[in-house]
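Here is the structure we will look at, set down as structure tokens.
The values are calculated or read from the model by the stated rules, or taken from the named source; none is laboratory data. Computed from a predicted structure; not experimentally measured. Quick reminder, even Gly has a Cβ in these numbers, built from the backbone with ideal geometry, and neighbours come from all protein chains shown. Accessible surface is based on the protein model in full, side chains and every heavy atom, while ligands, DNA and RNA are left aside. Shrake-Rupley method; radii C 1.70, N 1.55, O 1.52, S 1.80 Å.
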Amino acid sequence: MRHICVLGSTGSIGVNTLQVVRSHPDLFTVKALTAHSNIEVLAKQCIEFKPELAVVGSASAAEALQDLLKAAHIKTDVQYGPQALAIASTLASVDTVMAAIVGAAGLVPTMEAAKLGKRILLANKESLVMAGDIFMAAIAQSGAELLPIDSEHNAIYQCLPDANTSNGGARGQYGSLGVKEILLTASGGPFRNYSVDQLASVTPDQACAHPNWVMGRKISVDSATMMNKGLEVIEAHYLFGLPAEQIKVLIHPQSVIHSMVRYLDGSVIAQLGQPDMKTPIAYGLGWPDRIDGGVEELDFLKLSQLHFEEVDNEKFPSLKLAYQALTMGGLMPTVLNAANEVAVEAFLQQKIKFTQIADVVAKTLDQFSVSPAHDLDVILAADQESRVQAQGVIKGYLS
Ligand code: NAD
Ligand code: MG
């Protein structure tokens with residue numbers, strides 16, 4: 001039996017996680033759930049799974065949740081605020097944490113659970129982009145099992161020599177195992193065939209209508225700018241320990257091949273499946289065993305073709321910015337991530353144009369020089385400083 005905390009249980013990944021958990025009551029029990037503000041959904045989840053602890057974003061949300069739970073005679077303890085997130089992820093009764101909060105807010109609770117050696121199912125790629133070195137060091141020191149949930153990284157992990165063995169999860173050390181390169185596939189998002197002119201006038205709703213995946217709004221915009229793939233290049237670097245030159249991106253609009261590993265002997269190993277996050281989630285929950293993910297089977301006779309193309313870096317400059325930040329190292333990925341979060345939020349609020357997202361990130365990066373990301377305090381300070389700078393760039397457009 002695994003005892004689970006779902007950080008971000010009301011989001012797209014959180015809901016899919018609980019769907020897999022629900023179908024295996026003999027294997028999983030839910031000990032803690034967290035959500036920012038969606039109290040109705042969280043209350044329903046608490047009534048169904050009866051966790052020990054539920055965490056929300058504010059005192060008023062906590063009060064509203066308590067009222068709903070009291071009316072349903074549910075004894076779940078309710079807490080609120082960023083510190084309570086780490087209480088949920090480090091509960092003594094929890095052995096497995098699904099890290100599915102979106103953005104930088106996911107870092108501290110995930111890191112605290114990693115330090116205690118809990119199994120980490122990592123969907124929250126932003127935490128690894130912000131703090132990859134110290135996060136991987138915490139994993140190594142505690143011996144925590146780290147299983148990538150991002151579909152590409154889950155695919156890559158499955159294609160590496162020690163997947164499906166109890167070797168301890170992703171360790172950031174695959175360079176010596178005959179791996180030549182990693183091929184990250186990208187759908188290209190909803191605007192793959194748009195012109196630069198067309199991109200300038202797209203709306204948030206258009207950006208959030210992904211052709212293959214149903215996801216939260218932030219990652220949907222990231223997919224549309226291709227910054228999502230940039231964050232994933234950085235994520236792959238930390239998870240698998242390969243330099244930027246050995247991590248390549250390939251457009252594959254069907255999202256059937258979720259990523260591949262090319263070996264020195266000429267072999268390329270790919271993982272295929274439906275574009276359904278329940279597959280990587282079930283892999284992480286069941287690992288090293290395989291469990292039913294409740295996913296529709298891939299029917300090869302219905303696949304018309306598998307198509308591949310190069311990324312257009314002129315149209316999608318975000319990917320290049322992410323490679324630059326990774327190559328520069330130090331706090332630059334932290335700066336990239338923070339500026340991107342601010343810019344995406346401003347786009348979702350219709351304060352800036354779609355094409356200005358990458359510009360905000362580029363101009364914010366320009367304002368920083370490389371310095372080491374050696375501890376959490378330095379990283380969190382750089383995150384805050386970058387947000388202020390990015391807001392300044394946005395103010396510049398408006399004036
Ligand atoms: P989402 O927006 O649907 O859900 C986000 C969750 O985080 C919600 O439960 C929300 O309540 C919570 N949250 C938001 N802000 C918070 C804050 N400040 N403090 C505490 N909790 C907060 O997002 P999603 O699509 O489920 O994505 C979650 C994470 O998984 C992201 O990091 C994303 O990049 C990653 N991911 C998602 C997918 C996908 O298919 N959705 C695929 C790969 C990776
Ligand atoms: Mg992905």
Q.
With the structure loaded, tell me whether Ala131 is under 26 Å from Leu365 (Cα atoms) and either within 14 Å of ligand 1 (Cβ to nearest atom) or open to solvent by 10 Å² or more (accessible area, probe 1.4 Å) (or both) or whether it fails that test.
A. yes
**Q.** Looking only at the range 176-193, and only at residues there that are in contact (Cβ under 8 Å) with a residue 24 or more places away in the chain and surrounded by fewer than 18 Cβ atoms within 10 Å (Cβ to Cβ), the one that is nearest to ligand 2 (Cβ to nearest atom)
**A.** Glu181
Q. Right, Met111: touching a Leu at 6+ places or on another chain (Cβ under 6 Å) and more than 16 Å from ligand 2 (Cβ to nearest atom) or not?
A. no
Q.
For the range 8-43, give me the residue count where each residue is in a helix (DSSP H, G or I) and among the polar types (S, T, N, Q).
A. 4
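This table checks each residue for (1) in a strand (DSSP E or B); (2) more than 24 Å from the chain's Cα centre (by Cα).
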{"residue": "His3", "(1), (2)": "yes, no"}
{"residue": "Ala61", "(1), (2)": "no, yes"}
{"residue": "Gln79", "(1), (2)": "yes, yes"}
{"residue": "Ala88", "(1), (2)": "no, no"}
{"residue": "Ala92", "(1), (2)": "no, yes"}
Q: Look at Gly132 and say whether it is at pLDDT below 95 and under 20 Å from the mean Cα position of the chain (by Cα).
A: no
Q. What are the residues in the range 79-103 that are over 18 Å from Ile281 (Cα atoms), surrounded by fewer than 23 Cβ atoms within 10 Å (Cβ to Cβ) and away from ligand 2 (no atom under 16 Å from the Cβ), if any?
A. Gln79, Tyr80, Gly81, Pro82, Gln83, Ala84, Ala86, Ile87, Thr90, Leu91, Ala92, Ser93
Q.
Just to be sure I understand, how many residues within the range 104-114 are open to solvent by 30 Å² or more (accessible area, probe 1.4 Å) and β-branched (Val, Ile, Thr)?
A. 1
Q) Of the residues in the range 242-264, how many are farther than 15 Å from Tyr174 by Cβ and assigned to a loop (DSSP other than H, G, I, E, B)? A) 5
